[in-house]
Structure formats: structure tokens, C-alpha cells
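Down below is the structure, laid out as C-alpha cells.
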Amino acid sequence: MSVKSIPCPRRNYSLTAKEQELVDLLKSVPTLKEAGAQLGLKPATVYKRMENIRDKLGTKGLWDLIGRAV
């Protein structure tokens with residue numbers, strides 16, 4: 001499976017494959033809890049990844065993040 005990373009416009013980072021996988025899944029599931037369940041992740045892991053993604057992309061919330069990822 002080929003993973004394409006999202007370049008981060010505000011910073012010089014790219015998302016890891018696992019972060020990208022979470023972002024891609026969030027485009028099709030309604031909640032972080034459901035996304036975590038589908039990926040087999042604990043809620044704390046999902047929230048930590050989301051925090052890392054928001055920091056890397058410079059986004060403020062989930063919808064802002066998904067909007068940039070599309």
C-alpha cells in the first residue's frame with residue numbers, strides 16, 4: 001500500500017504514515033472514537049496523534065484539519 005503524505009504548509013514537516021492513515025479515515029467516519037476502533041487504537045493514542053497532526057499542520061480543530069487534508 002502506497003502512502004502519500006500531506007506536505008505541511010506552515011511548517012517543514014510531513015505526516016507519518018500512521019498519522020496520514022488516521023486523517024484519511026476521518027474523512028469517512030463521524031467520530032475520533034470510531035476511527036480509533038477501526039484502526040485498533042486506544043482513545044488516548046488517537047487523541048495524541050490528532051494533537052501531533054494539528055501541531056504539524058498548524059490547524060486548530062478537526063474540521064480545519066480535514067479541510068486541509070482534502
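The values are calculated or read from the model by the stated rules, or taken from the named source; none is laboratory data. For clarity, every value in this text was computed on a predicted model and none was experimentally measured. Note that we place each Cβ from the backbone using ideal geometry, even for glycine, and neighbour counts take in every protein chain shown. These accessible areas exclude ligands, DNA and RNA; they are computed on the full protein's heavy atoms, side chains included. Shrake-Rupley method; radii C 1.70, N 1.55, O 1.52, S 1.80 Å.
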Taking the conditions exactly as written (modelled with pLDDT of 90 or more and aromatic (Phe, Trp, Tyr)), does TYR47 satisfy them or not? yes
Residues (outside any helix (DSSP H, G or I), farther than 13 Å from LEU15 by Cα and either open to solvent by less than 80 Å² (accessible area, probe 1.4 Å) or touching a helix residue (DSSP H, G or I) at 6+ places or on another chain (Cβ under 6 Å) (or both)) located in the range 33-58: GLY40, LEU41
Can you work out which of the residues in the range 2-32 that are aliphatic (A, V, I, L, M) and open to solvent by 50 Å² or more (accessible area, probe 1.4 Å) is modelled with the lowest pLDDT? VAL3
Selected residue (criterion: most open to solvent (accessible area, probe 1.4 Å)) from residues of the range 59-70 that are in a helix (DSSP H, G or I) and either touching a residue at least 12 places away in the same chain (Cβ under 8 Å) or hydroxyl-bearing (Ser, Thr, Tyr) (or both): ARG68
